[in-house]
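Chemist: Following this message is one structure expressed as structure tokens.
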Amino acid sequence: MFGFVWLAKGLVFWFCARMIYADYNATTPCLPEAARLMTRMLCDDFGNPSNRASLFGRTARGAIDLGREQVARAVGAFADEVIFTSGATEACNMAIFGVMERLMRDRPRILTSAIEHPAVCMPAEACASAGAEWIEIPVDGQGRLDLAALSKELEHPTAMVCVMAANNETGVMQDLPAVVKLAHDAGALVFCDMTQLLGKVPFSVHTEQVDFACFSAHKCYGPKGIGALYKRRGLALSPLLRGGGQESGLRSGTENVPAIAAFGLVADLAAREVNARRAHLQKLTAQLESEVCRQIPGVVVQSAKAERIPGTSMFSCPGLRGKWLSQLSGIVASSGSACASMQEKPSHVLQSMGVDDETAAQSIRISLGMPSTTGEVRQISQALAKGAEKLR
Amino acid sequence: MIYWDHNSTTPCAPEVIEAMKPYWDHEYGNPSSSHIMGRRASTAIRKAREQVANLANALPSEIIFTSGATESNNLLFLGILLTPKTDRNRIVVSSIEHKSILEPVRLLAEHGFEVLKLPVSECGVTDLNAAKELINGKTLLVSVQGANNELGTLQPVCQLAEIAHTNGAYFHTDAAQVLGKISFNTELFNCDFASFSAHKMYGPKGIGALFIRGGAKQWPWSRPFGGGGQESGLRPGTQNVPGIVGFGMACEISQHYITNQNNNPIHHLEKILIQKLFESFPTGHFVTRNTPRLPGVVAFSFPNISADLLMDNIKTLCIGKGSACTNGAISQSHVLNAIGYSHDFSRGTFRVSLGRETDLNEIQESIILIQNAFHDVQRISKQNEK
């Protein structure tokens, strides 16, 4: 059943776009079931969940409760630990500002890994301009966090440590248990950006013992405009958006009921299918990387020696003349994070890993997803090889 | 089921759904990506931005998409909060603003801003004389909603904007209830900022906008949220492309309703509804009857009966009691409080907000439903007294 749905999706995509999409880390298509559910919630069960007196309102409330339970179960949390937001960026802002505001007096210090998403770096920078100390913890050549440096920085009272579970550009995964242990021993809270994790590897926020985590629906075949913040039970947080007091007073604004219901659906599916999805992505990534390395001499797969989420490969090809990405015909890929691609700057992730600017600018991220096929992967590797050939 | 709570939220128009569908399905690119899929998504956003701007008579660059009116309001006040304070530190709002204005200004007050609330008349209109007194050279911002969500009463936005501007203050209006219902013109209303919400005007939930005169370049305060720099850095985060497209379409179809405002059947239906309500409940009250209101919004009060009980006894009619956002809590509506309603009186007040799909049959049916429920509730309370 699951194979058939993805196959159908893949076929539709093939005929519609005639381009091979290989940018699933930037965003994913919305599952048809999720889109159907949203359509129903927008047209028929459209009530305002705060209107508890009416059947319309109660139906909407029920849909939110179900969505919350599904998301909570998928990430290994309790339902009351999940706060819906408009996306992962808002969740990052909310966690960082919400914690720092409370701890500004006692522990005015925030540590982030050097390869965080701008949604974490920029709020941290804002805290720094408000008087907190912001330190970026370096990573090694493979993108792994320097635990010795972290431990050294934790000698001073620190409010929170922000580390992403899996990097969006290279896919590198961090040693979370070690980070969490170091941080907790020093009395610091841990915020973990788990946006790229859902549906790719099995995990549980309770097992990882992180204090805060953020998720995004549109990275796992759900709609854009919805995400969630996990907040461990008992932790205090100041709200970012104030008003009608929705989401237990932590996130005001009429709940995006259709998107919450759809997020619940796709999160539930992601958690249940995670092993099949991981196997599919692992197989394709292995094929892609071996084909590319065979066809292009001198190509480097970034973070290859580290543990990575399946489906993400960042290829660098030193010595090319001209823009490698622009030579990829028929392939939709990117040179790094979509959020940074507008600025045309070399990836700060690769820079932090010690890759020189020229090579960083010559890098291509291929991120595969469930609709990707062996045939597509072959075409991608051929296109990469052809593009590299032209620029030599 | 009859739905008469359109001030709380509305169903999505079919055209809106049709417009959104491709963006869930195959046009799913991330608008920040520089590849073809990304460019197609950002083109869709550009078109929607024009549609929203057209309805509000603004420039597309002056529209910043947010997750809703609550976020738009918070964006404004958080910006003020995070900017170094100057001598101008007075914030003036009306006392019947939505919670998403009142809560952020409470935060500003905690941080040393001088927050003043304008009184309202018993008809639910902001007092202009008080405004002239309270808005002075130390005023940074005046924020008054276009129309009240609980009473539907229109506020004197043009005059307030003028008072604010002669004192060198900015003027913001929460237009969540206005956009798409009556004509809203940022030029005419002379506002510097305005908040919009799509789900109040037959668009999807989870999307709204903030109008900034002159665009993001003219934003006078700090940018409170950090991230990938989307929406000119004012509202980072991957844009909700389907939501934005749906909002744009909702604005486009609203043009039709607004230009044909005089022929809008809702005025006629409202008249019949009020007449029938008074016929059935001669002791009822409708204080804002003669105040200019949003079409189809009636806040009707029964003396000595609980609107909650009444609503519990009408299973097939959905009406509101005050703002949906305060429905969860058993507290008295701050709006009814501000217009001088006693506790007993506001307890018996319910709000009807008619919509585009309301027809005469619904009115006839609902009156009977309300009548039956009224008698049931009266009987129950009499039994309880015994």
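The values are calculated or read from the model by the stated rules, or taken from the named source; none is laboratory data. Source: prediction; values computed, not measured. Cβ atoms come from the backbone with ideal geometry, glycine included; neighbour counts cover every protein chain shown.
Chemist: Confirm whether A:Gly225 is on the phi > 0 side of the Ramachandran plot, more than 14 Å from chain B (Cβ to nearest Cβ) and touching a helix residue (DSSP H, G or I) at 6+ places or on another chain (Cβ under 8 Å).
Modeler: no
Each row is one residue, and each column tells you yes or no for (1) under 15 Å from the mean Cα position of the chain (by Cα); (2) over 27 Å from B:Phe77 (Cβ atoms); (3) not acidic (Asp, Glu).
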{"residue": "A:Thr195", "(1), (2), (3)": "yes, yes, yes"}
{"residue": "A:Phe203", "(1), (2), (3)": "yes, yes, yes"}
{"residue": "A:Leu229", "(1), (2), (3)": "yes, no, yes"}
{"residue": "A:Gly243", "(1), (2), (3)": "no, no, yes"}
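Chemist: Continuing with the same structure: Is it the case that region A:197-210 has a residue that's of a type in the set (D, E, K, R), touching a Leu at 6+ places or on another chain (Cβ under 7 Å), surrounded by fewer than 24 Cβ atoms within 10 Å (Cβ to Cβ) and on the phi < 0 side of the Ramachandran plot?
Modeler: Yes, region A:197-210 contains at least one residue that is of a type in the set (D, E, K, R), touching a Leu at 6+ places or on another chain (Cβ under 7 Å), surrounded by fewer than 24 Cβ atoms within 10 Å (Cβ to Cβ) and on the phi < 0 side of the Ramachandran plot.
Chemist: Please go through region B:203-214 and give me each residue that is more than 17 Å from B:Ala161 (Cβ to Cβ) and more than 10 Å from every other protein chain (Cβ to nearest Cβ), ordered by number.
Modeler: Selection gives B:Ala209 alone.
Chemist: In addition: Is region B:176-185 home to any residue that is surrounded by fewer than 22 Cβ atoms within 10 Å (Cβ to Cβ), touching a helix residue (DSSP H, G or I) at 6+ places or on another chain (Cβ under 6 Å), on the phi < 0 side of the Ramachandran plot and modelled with pLDDT under 95?
Modeler: Yes, region B:176-185 contains at least one residue that is surrounded by fewer than 22 Cβ atoms within 10 Å (Cβ to Cβ), touching a helix residue (DSSP H, G or I) at 6+ places or on another chain (Cβ under 6 Å), on the phi < 0 side of the Ramachandran plot and modelled with pLDDT under 95.
Chemist: Also, quick follow-up: Select, from B:Ala161, B:Ala209, B:Ala198, the only residue that is touching a residue at least 12 places away in the same chain (Cβ under 8 Å), buried (at least 18 other Cβ atoms within 10 Å of the Cβ) and closer than 20 Å to B:Val125 by Cα.
Modeler: On the way: B:Ala209 fails: closer than 20 Å to B:Val125 by Cα; B:Ala198 fails: closer than 20 Å to B:Val125 by Cα.
Result: B:Ala161 is the single residue among B:Ala161, B:Ala209, B:Ala198 that is touching a residue at least 12 places away in the same chain (Cβ under 8 Å), buried (at least 18 other Cβ atoms within 10 Å of the Cβ) and closer than 20 Å to B:Val125 by Cα.
Chemist: Take region A:36-56 and flag every residue that is at the interface with chain B (Cβ under 7 Å from one of its Cβ atoms), of a type in the set (A, V, I, L, M, F, W, C) and not in a loop (DSSP other than H, G, I, E, B).
Modeler: Within region A:36-56, A:Leu42, A:Cys43, A:Leu55, A:Phe56 meet the criteria.
Chemist: Within the group A:Gly354, A:Gly375, A:Gly330, A:Gly322, which residue is without any contact (Cβ under 8 Å) to a residue 40 or more places away in the chain, surrounded by fewer than 19 Cβ atoms within 10 Å (Cβ to Cβ) and not assigned by TED's automatic domain parsing to the domain that holds A:Ile115?
Modeler: Matching residue, one of A:Gly354, A:Gly375, A:Gly330, A:Gly322: A:Gly375.
Chemist: Here's a check for you: in region B:30-41, which residue that is in contact (Cβ under 8 Å) with a residue 12 or more places away in the chain and more than 7 Å from chain A (Cβ to nearest Cβ) is nearest to B:Val245 (Cα to Cα)? Explain how you work it out, then say what you get.
Modeler: Residues of region B:30-41 in contact (Cβ under 8 Å) with a residue 12 or more places away in the chain: B:30-32, B:40-41.
Add one more test, that the residue is more than 7 Å from chain A (Cβ to nearest Cβ), and what stays is B:31, B:40-41.
Values: B:Pro31: 12, B:Arg40: 12, B:Ala41: 10 Å.
Among them, the one singled out is B:Ala41.
Chemist: Among the numbered conditions (1) of a type in the set (A, V, I, L, M, F, W, C); (2) crowded, with 16+ Cβ neighbours inside 10 Å; (3) under 30 Å from A:Ala74 (Cα atoms), tell me where A:Ala279 comes up short.
Modeler: Condition not satisfied by A:Ala279: (2).
Chemist: In addition: Go through region B:215-254 and give me each residue that's over 16 Å from A:Ala91 (Cα atoms), in a loop (DSSP other than H, G, I, E, B) and facing another protein chain (nearest Cβ under 9 Å).
Modeler: B:Ser222, B:Arg223
Chemist: Could you check how many residues of region B:38-54 are among the hydrophobic types (A, V, I, L, M, F, W, C) and buried (at least 23 other Cβ atoms within 10 Å of the Cβ)?
Modeler: Count: 3.
Chemist: Checking the conditions here, which among B:Glu71, B:Glu62 is in contact (Cβ under 8 Å) with a residue 40 or more places away in the chain, touching a strand residue (DSSP E or B) at 6+ places or on another chain (Cβ under 9 Å), under 30 Å from B:Leu107 (Cβ atoms) and facing another protein chain (nearest Cβ under 10 Å)?
Modeler: B:Glu71
Chemist: Return the total of residues in region A:78-97 being more than 8 Å from chain B (Cβ to nearest Cβ), within 22 Å of B:Gly229 (Cβ to Cβ) and out of contact with any helix residue (DSSP H, G or I) (no Cβ under 7 Å at 6 or more places or on another chain).
Modeler: Total meeting the criteria: 3.
Chemist: I would also like to ask the following. Would you check which residues across region B:25-36 are surrounded by 22 or more Cβ atoms within 10 Å (Cβ to Cβ) and either modelled with pLDDT of 95 or more or touching a Gly at 6+ places or on another chain (Cβ under 8 Å) (or both) and list them?
Modeler: B:Tyr28, B:Gly29, B:Asn30, B:Pro31, B:Ser32, B:His35, listed by residue number.
Chemist: Can you name the number of the only condition in (1) part of a loop (DSSP other than H, G, I, E, B); (2) touching a strand residue (DSSP E or B) at 6+ places or on another chain (Cβ under 9 Å) that A:Gly141 fails?
Modeler: The one condition A:Gly141 does not meet is (2).
Chemist: Then there is this: Right, A:Gly131: modelled with pLDDT under 95, over 19 Å from the mean Cα position of the chain (by Cα) and within 14 Å of chain B (Cβ to nearest Cβ) or not?
Modeler: Considered against the rule, which asks whether it is modelled with pLDDT under 95, over 19 Å from the mean Cα position of the chain (by Cα) and within 14 Å of chain B (Cβ to nearest Cβ), A:Gly131 comes out as yes.
Chemist: Collect the residues in region A:167-193 that are touching a residue at least 40 places away in the same chain (Cβ under 8 Å) and in contact with a helix residue (DSSP H, G or I) (Cβ under 7 Å, 6 or more places away or on another chain), keeping them in residue-number order.
Modeler: The answer is A:Asn167, A:Glu169, A:Thr170, A:Leu189, A:Phe191, A:Asp193.
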